[in-house]
Amino acid sequence: MKGLKADGTPIRVMAVDDSPVTRKMVRKALEPEGFEIVAEAGNGKEAVEIYASTLPDVITMDVTMPIMDGLEAAGNIKKVNPAQKIIMLSAMGDSDIKADAQSRGITDFCTKPFKPQEMVDKVREVFNR
């Protein structure tokens, strides 16, 4: 299965998006492939708060959210763990957003809406890097 580490345990993912529908799409794409969704958050502040207690291998993080946006949340998480793997999800292919993310050490993006296989491939690729 694509969602397993070399030792046979699942790759652990946190899905962060203010849209419950998008979080469900991430879950429906990844779980059948063996990935484990260890947490979900509806905004960046929640993600930062639950990060330390879940320690996911990969985080899917929406860019535009209320309370704390994904770029700020990702930056805060990267301060705690510079090696954390984060995939930014965005409906916009905005180069300013990408530049801001890259300045925070985030180089992986997935455009919404995504196909389930695209999400599986992206999480796997990022995890293996």
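Here, each number is a calculation from the coordinates, and none is a lab measurement. In this text, all values refer to a predicted model and were calculated from it rather than measured experimentally. Heads up, the Cβs are rebuilt from the backbone with ideal geometry, glycines too, and the neighbour counts pull from every protein chain shown.
What is the angle, in °, between the Cα long axis of helix 20-30 and the longest principal axis of the Cα atoms in the chain? Nearest 10 is fine, range 0 to 90.
The angle comes out near 40 degrees.
Can you list residues whose amide H is under 5 Å from Lys85's amide H, if they're 5+ apart or on another chain and H is modeled 1.01 Å from N?
Long-range HN contacts for Lys85: Ile59.
Full-extension gain between Glu72 and Glu49, please, as 0.36 nm times their residue separation minus the C-alpha to C-alpha distance.
Working: separation 23, 0.36 × 23 = 8.28 nm, distance 1.30 nm.
Between Glu72 and Glu49, full extension yields an extra 7.0 nm.
Could you state the angle between the C-alpha long axis of helix 70-80 and the longest principal axis of the C-alpha atoms of the chain, as a value from 0 to 90 degrees rounded to the nearest 10?
The two axes meet at around 70 degrees.
What number does the chain give for Rg over Rh if you use C-alpha atoms and the Kirkwood radius?
Using Cα coordinates only, the ratio equals 0.92.
Give a quick list of trypsin sites (Lys or Arg not before Pro) in region 61-106 that DSSP marks as loop, anything other than H, G, I, E or B, with at most 11 other Cβ atoms within 10 Å.
none
If you take every DSSP beta bridge fully contained in the chain, what fraction is antiparallel? Give it as a percent rounded to 5.
Rounded to the nearest five, the antiparallel share is 5 percent.
Within the chain, what is the number of lysine pairs with alpha carbons under 15 Å apart, leaving out pairs fewer than eight places apart on the same chain?
Lysine pairs satisfying the spacing and distance rule in the chain number 14.
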